[in-house]
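Notes follow the structure.
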Amino acid sequence: MAQGLLGYAYTCPDMIGGGEYTNFTSARLDSELFVRYAKCSALFPMMQFSAAPWRVLDDEHLRYCVEAAKLHAQFGSEILDLAKHSAITGEPILRHMAYEFPEEGMETIQDQFMLGSSLLVAPVVVKGMRTRIVMFPFGTWIGDDGSIVKGPVNLQIEVPLGRLPWYRKR
């Protein structure tokens, strides 16, 4: 997100799964981290895998990574529109919460972000975590799970391994 603020809107995250070859030749590969990174990257402008998930993950963890790739494809045209907008305006594609909501005290939020101006993304970034607090700015938000949240509010939500929570501002 910092790179976007510096004018580099088309950045790509590091490779999902890590980039060190030995991660894939030993028992050190963390399947949960692999899945959570894939889920988070699903709503980044780009996503790339360091190794084919079907080669290094069991069926359950592979299924979650396939879901992440499908989610990325589902949002493809929206992400492309944001990239075109960025080329014209210089605005970042991924945005800090405070960028979109400067008067709502969101400067310290480091574990959720906006994709453009209407999609709030709240990934899990702590190993083993299955719930998290989401800070919602003012407005009405429709969740990936069909929930409707009226902000401003801090809300604890369930985040099983296969879920990437996202909310669209209505």
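The lone criterion from (1) over 15 Å from the mean Cα position of the chain (by Cα); (2) open to solvent by 40 Å² or more (accessible area, probe 1.4 Å) left unmet by THR140 is number (2).
In the set (1) on the phi < 0 side of the Ramachandran plot; (2) modelled with pLDDT under 95, the condition left unmet by THR131 is number (2). Scanning region 60-75 for residues that are open to solvent by less than 30 Å² (accessible area, probe 1.4 Å) and not aromatic (Phe, Trp, Tyr) yields HIS61, CYS65, ALA68, LEU71. Of the residues in region 121-128, at least one is in contact (Cβ under 8 Å) with a residue 24 or more places away in the chain, touching a Pro at 6+ places or on another chain (Cβ under 6 Å) and closer than 23 Å to ALA2 by Cβ.
Among the residues in region 87-100, are any among the aromatic types (Phe, Trp, Tyr), in contact (Cβ under 8 Å) with a residue 24 or more places away in the chain and open to solvent by less than 50 Å² (accessible area, probe 1.4 Å)? No: zero hits. In region 1-59, the residue that is least open to solvent (accessible area, probe 1.4 Å) out of those that are part of a helix (DSSP H, G or I) and at pLDDT below 80 is GLY4.
The values are calculated or read from the model by the stated rules, or taken from the named source; none is laboratory data. The structure displayed is predicted, hence computed values, not measured ones. Quick reminder, even Gly has a Cβ in these numbers, built from the backbone with ideal geometry, and neighbours come from all protein chains shown. With ligands, DNA and RNA removed, areas are computed over all heavy atoms of the protein, side chains included. Shrake-Rupley method; radii C 1.70, N 1.55, O 1.52, S 1.80 Å.
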